[in-house]
Amino acid sequence: MERLNRKTAGITSDLPIKVVQFGEGNFLRAFVDYLIDKLNKEADFNAGVAVVQPIDAGLVEMLNEQDGLYNLFMRGVKGGKEIQEKRTISCIQRSLNPYQDYSAYLDLATEEELQFLISNTTEAGIAFNGSDALENVPHNSFPAKVTALLYKRYQHFNGAADKGLTIVPCELINYNADNLKEIILEYVELWKLDGNFKNWIEQHNTFHNTLVDRIVPGYPRAEIEEYQSQLEFEDKLIVTAEVFLLWVIEGGEAFKSKIPFDKIDENVLIVKDIQPYRTRKVRILNGAHTTMVPFAILSGKETVKETVDDEFTGKFVKNAIFEEINPTLDLAEEELNSFASEVLDRFRNPFIKHQLASIALNSISKFKVRVLPSLLEYQKRKSTLPVRLTFAFACLIRFYKGEWKGETLPVQDDQQIKDFFSRVWKKDDLEELTQEVLKKEDYWGQDLTIVPELKEQIKVAIKELEEKGVEEGFRSFREKTKVKS
């Protein structure tokens, strides 16, 4: 079978680069690139995407081998009807690795029709790195790369007002665009850049906070022959996703005029305030994901569906949502329960095998954003700790030991974080280990040793996990902490 590329597929049209996209992973290709491709084909958007690999290792080389083409399979149930759809995505025109050719990356700034910058570098991506200097390339942090790109564009077009960009980050942190803008301005100060450049950023570039929602299992490794049999050409970048999609973007009429989302039938909302949508989604859907990953992997589960279908792990996840997460949210109970039920249905999608290992990436920063706020708010409101979220926290800490019952665990995080847990797990004293982990303010945003009972309960949970395994360990932990729910 011939390899998928523009020649074999007979796709010859070139699109002007209107979008610089930081991130080439499964999510952006199944979400943003899908929408851009649909806009191109149904609304004459005529936008080409230049993909930038945000870290040294990635898929850019494979993307280039296929000329940016790949197939997206969407499966699920919508409105009571089973839906299966396949689409060849062709909006990606160029893919770059700035760690190999930084000048080619900066040249994107000179693209005449460039309008948008979109990103998904995970929650850990929008961060300031003081060691990044303008002249030392490639820059380490994503915001430093963006600052350098914007500065090149500002210089190339002499600060033209109409050459500013519409910046739409998709990282799952609150006020993602506001945070990115703040860090960019930090680099402007650190690098002592032209004061007029700062004004150009603030006056002629727009930053839009967003919320994204689509479950994207990614490459269907276990079923690749089944998927490949439906294609005419070999595709090493197949992506699978659920049919559900939601993109909430803060913006007004000016933003709406830039992208004709109203001309395609997709769930894209342009709103004044994304916060109500964000809190509900991050705490319930993403919070449930992050809660279940270490807990379920230690329980021997491999997929999200397997986790929610199992009597023990499924009940654990369901009760964590309805009894411990929902009560911390200030929305109508009926609305929360309806959304939560929909989330569980999406987790049970029979067409998707969402590997737990694939969503274990950067679990520490994810737990801080997605789960810890629910745990702390529950403790604040109820004057007691939520038993399942607390046990899940203990599972997370135990997961980062890197092994379980002689098997290597799929820990994927910054090397500094992995090194920290490797060191603390060499301690023989569980009290000392728990104290050191919970005091890591740079991990949790605060010193968690001051949260009433948390250190003691985490210590008990880890001990029960080690001695009795997950299921019996949880039952014993619940009894010892006198929580009967």
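The values are calculated or read from the model by the stated rules, or taken from the named source; none is laboratory data. Predicted model, so just to flag it, every value in this text is computed and none were measured. Every residue, glycine as well, gets a Cβ built from its backbone with ideal geometry; the counts of neighbours run over all protein chains shown.
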Out of everything in segment 260-287 that is of a type in the set (A, V, I, L, M, F, W, C) and out of contact with any helix residue (DSSP H, G or I) (no Cβ under 7 Å at 6 or more places or on another chain), what residue ends up being nearest to residue 373 (Cα to Cα)? 274
Among (1) buried (at least 20 other Cβ atoms within 10 Å of the Cβ); (2) without any contact (Cβ under 8 Å) to a residue 60 or more places away in the chain; (3) among the hydrophobic types (A, V, I, L, M, F, W, C) - the single one residue 224 does not satisfy: (1)
Taking residue 186, is it over 22 Å from the mean Cα position of the chain (by Cα) and of a type in the set (Asp, Glu)? yes
Residue match in segment 407-425 (condition: in contact (Cβ under 8 Å) with a residue 40 or more places away in the chain and over 21 Å from the mean Cα position of the chain (by Cα)): no
If you scan segment 104-132, which residues turn out to be of a type in the set (Val, Ile, Thr) and touching a strand residue (DSSP E or B) at 6+ places or on another chain (Cβ under 8 Å)? 118, 121, 122, 126
Taking the conditions exactly as written (assigned to a helix (DSSP H, G or I), surrounded by 21 or more Cβ atoms within 10 Å (Cβ to Cβ) and free of Cβ contacts under 8 Å to residues at least 24 places away in the same chain), does residue 436 satisfy them or not? no
Qualifying residue in segment 176-199 (condition: in contact with a helix residue (DSSP H, G or I) (Cβ under 7 Å, 6 or more places away or on another chain), more than 27 Å from residue 413 (Cα to Cα) and crowded, with 22+ Cβ neighbours inside 10 Å): no
How many residues are farther than 23 Å from residue 124 by Cβ and either modelled with pLDDT under 95 or among the small types (Gly, Ala, Ser) (or both) when one looks only at segment 443-468? 1
Looking at the structure I just gave you, is residue 363 closer than 27 Å to residue 221 by Cα and outside the structural domain of residue 75 (by TED's automatic domain parsing)? yes
Quick check on my filter: what residues within segment 88-109 are aliphatic (A, V, I, L, M) and within 16 Å of residue 142 (Cβ to Cβ)? 96, 106, 108, 109
Sort out which residues of segment 142-175 are assigned to a loop (DSSP other than H, G, I, E, B), of a type in the set (S, T, N, Q) and under 17 Å from residue 120 (Cβ atoms), and write them in order of number. 174
Search segment 256-299 for residues being of a type in the set (Ser, Thr, Tyr) and more than 19 Å from the chain's Cα centre (by Cα), and hand back the single one that is nearest to residue 320 (Cα to Cα). 299
Can you tell me how many residues in segment 86-130 are surrounded by fewer than 13 Cβ atoms within 10 Å (Cβ to Cβ) and over 27 Å from residue 258 (Cβ atoms)? 3
For segment 305-326, pairs from a residue that is assigned by TED's automatic domain parsing to the domain that holds residue 358 and closer than 13 Å to residue 295 by Cα to a residue that is assigned to a helix (DSSP H, G or I) and acidic (Asp, Glu), with Cβ under 6 Å and 6 or more apart or across chains, are 312/471
Quick one: which helices (runs of 4 or more DSSP H) sit completely within segment 308-424 and have at least 3 residues that are crowded, with 23+ Cβ neighbours inside 10 Å and among the hydrophobic types (A, V, I, L, M, F, W, C)? 387-399
Quick test of your reading of the structure: residue 217 fulfils all but one of (1) buried (at least 19 other Cβ atoms within 10 Å of the Cβ); (2) in contact with an Asp or Glu (Cβ under 6 Å, 6 or more places away or on another chain). Name the failing condition by number. (2)
If you go through segment 176-213 one residue at a time, how many are of a type in the set (D, E, K, R), in a helix (DSSP H, G or I) and without any contact (Cβ under 8 Å) to a residue 24 or more places away in the chain? 4
